[in-house]
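The values are calculated or read from the model by the stated rules, or taken from the named source; none is laboratory data. Computed from a predicted model, the values in this text were never measured in an experiment. Note: ideal-geometry Cβ built from the backbone for every residue, glycine included; neighbour counts use all protein chains shown.
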Amino acid sequence: MIINSCKKKFLLIVFSALILSSCTLADNKPNFTKDTYPRVDGSTATMPLSENLAASLLSITPEEAKNYIKHNTTHNAYENLIDGKADIIFVTEPSEEELSMADLKGIELEVIPVVKEAFVFLVNKDNPVTDISTEDIRAIYQGKINNWKELGGPDKEIIAYQRPENSGSQTLMQNQVMKGLQMADAPTELKPSAMMGLIDVIASYDNSDKAIGYSVYYYANSMYSKNMVKFINVDGVEPNNENISSGKYPFTSAYYAVIRKSEPENSNTRKLVSFILSEEGQKLAEDSGYVPLGQVENEK
C-alpha cells in the first residue's frame, strides 16, 4: 500500500497468489554484495527476518548476518528511512506522528505487506481468564473495567500495561483495537520501554493474576516467550498460526517493508522487496518462524 502522508486511510496493494507463485527461484534471487545490499533497519520483532534474508542473499553465515544487520526499533527505523539513512525498513504500520514527520520532509512512504502477524494480549498463567471480548479489552484500556471479577476472574484489580507512544505495538493498539477511542492515561511504570520489559512484568510473581498487556505474536511466541505468560483468546479465537493465516483471529495484521515511494523502479531496494514476495522469499520467512502472506485480502 502507498501512504499519502498525514492521511490514515490506507490503500492496500493486493498481492495475489499468482504473483507469489509466478516468481521462479532462478530469476528472482538478486545478486547482492555488501556494497550493493540495501541499508536495512526495522523493529525488534523483524530482526530474524532481516538476518535470514541477508544470510541467504549475501551467502554469509547466520552469525555474520547477526553482526551485519542492525535494527534500531520501529520509530527510529521510520526516522532513519525518512532521513535517508536507511533504504528499507521492516516494521508495523506507521503512526500518525511518523506520517506527519514524512509529510513535513516531503517524503511519501510505500508500505508493502511481507508477512502476516497478529496483535495479541498477554496475561499471567495463574490468571484463570482464558477469553476476552474486543469490547472488554477496549473497556479495560479506557478505564471502564477495573476488576477481573467483571470478566469471570478473581476479585482483584486489573493492572493494564501499555507501551510508549510510537512503539510498534502501541500504534497497533491504537489503530487496530481502540479505533479512535481514547486510552486511559497510564503512569510511566505501566509503560515498559521494551517489549521484553512488558512480558517480564506480566510473567512476574507480583502480577500473577492481575496484569494484562499486549505484544506482537511473533515476538511473544518465538523471540521472547515466557512459560509464565499465556496468550488470551479474543472473541473466542485463539491466536495461533492457523487462525492468523486464515484471518480468523480478529487482530491479524502484517509486517511491512516500507520504502520511499521515490525509490527507482529497478533499484536494489525494490529487488529486495520482490525477492521477499517471491515463492522462495516467502518460504524463507516461513522457515524463520513467520506466517507467510498467502493471498493478501483487502483489509483496509
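Here are some notes:
- Screening the stretch 146-169 for residues that are modelled with pLDDT of 95 or more and of a type in the set (S, T, N, Q) and picking the one that is surrounded by the most Cβ atoms within 10 Å (Cβ to Cβ) gives Gln162.
- The set of residues from the stretch 78-112 being within 27 Å of Lys34 (Cβ to Cβ) and of a type outside the set (A, V, I, L, M) comprises Tyr78, Glu79, Asn80, Asp83, Gly84, Lys85, Asp87, Phe90, Glu110.
- Residue within the stretch 182-191 that is part of a helix (DSSP H, G or I), of a type outside the set (D, E, K, R), at pLDDT below 95 and surrounded by 15 or more Cβ atoms within 10 Å (Cβ to Cβ) present: yes
- Subset of the stretch 231-245 that is closer than 12 Å to Tyr217 by Cα and among the hydrophobic types (A, V, I, L, M, F, W, C) - its residue that is surrounded by the most Cβ atoms within 10 Å (Cβ to Cβ): Ile244
- Of note, Ile107 does not satisfy the criterion of being modelled with pLDDT of 95 or more, over 14 Å from Ala211 (Cβ atoms) and in a strand (DSSP E or B).
- For the stretch 33-49, the set of residues classified as assigned to a loop (DSSP other than H, G, I, E, B) and touching a Ser or Thr at 6+ places or on another chain (Cβ under 9 Å) consists of Pro38, Arg39, Ser43, listed by residue number.
- Residues of the stretch 92-104 that are out of contact with any His (no Cβ under 9 Å at 6 or more places or on another chain) and not in a loop (DSSP other than H, G, I, E, B): Glu96, Leu99, Ser100, Met101, Ala102, Asp103, Leu104.
- Boolean, Ala102 is under 25 Å from Ser43 (Cα atoms), modelled with pLDDT of 95 or more and among the small types (Gly, Ala, Ser): yes
- Meets criteria (surrounded by fewer than 22 Cβ atoms within 10 Å (Cβ to Cβ), hydrophobic (A, V, I, L, M, F, W, C), more than 21 Å from Val111 (Cα to Cα) and modelled with pLDDT of 95 or more) for Phe275: no
- Leading residue by the ranking (surrounded by the fewest Cβ atoms within 10 Å (Cβ to Cβ)) among those in the stretch 215-227 that are in contact with a helix residue (DSSP H, G or I) (Cβ under 7 Å, 6 or more places away or on another chain) and closer than 26 Å to Lys156 by Cβ: Lys226
Residue-wise test of (1) buried (at least 19 other Cβ atoms within 10 Å of the Cβ); (2) within 16 Å of the chain's Cα centre (by Cα); (3) without any contact (Cβ under 8 Å) to a residue 40 or more places away in the chain.
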residue	(1), (2), (3)
Thr171	yes, yes, no
Val177	yes, yes, no
Val229	yes, no, no
Phe251	yes, yes, no
Lys271	no, no, no
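- Residues that are polar (S, T, N, Q) and in a strand (DSSP E or B) were ranked within the stretch 233-274; the one that is farthest from Pro30 (Cα to Cα) is Asn233.
- Annotation note: of Asn67, Asn52, the sole residue that is over 21 Å from Ser267 (Cβ atoms), of a type in the set (S, T, N, Q), crowded, with 19+ Cβ neighbours inside 10 Å and at pLDDT 95 or above is Asn52.
- Among the residues listed as Ile202, Ile212, Ile259, the single one being out of contact with any Cys (no Cβ under 9 Å at 6 or more places or on another chain), modelled with pLDDT of 95 or more, crowded, with 20+ Cβ neighbours inside 10 Å and more than 30 Å from Val40 (Cα to Cα): Ile212
- Residue count for the stretch 204-232, restricted to those that are among the polar types (S, T, N, Q), within 21 Å of Lys191 (Cβ to Cβ) and part of a helix (DSSP H, G or I): 1
- Just one of the listed residues (Val129, Val123) is in a loop (DSSP other than H, G, I, E, B), closer than 26 Å to Gly213 by Cβ and of a type in the set (A, V, I, L, M), namely Val129.
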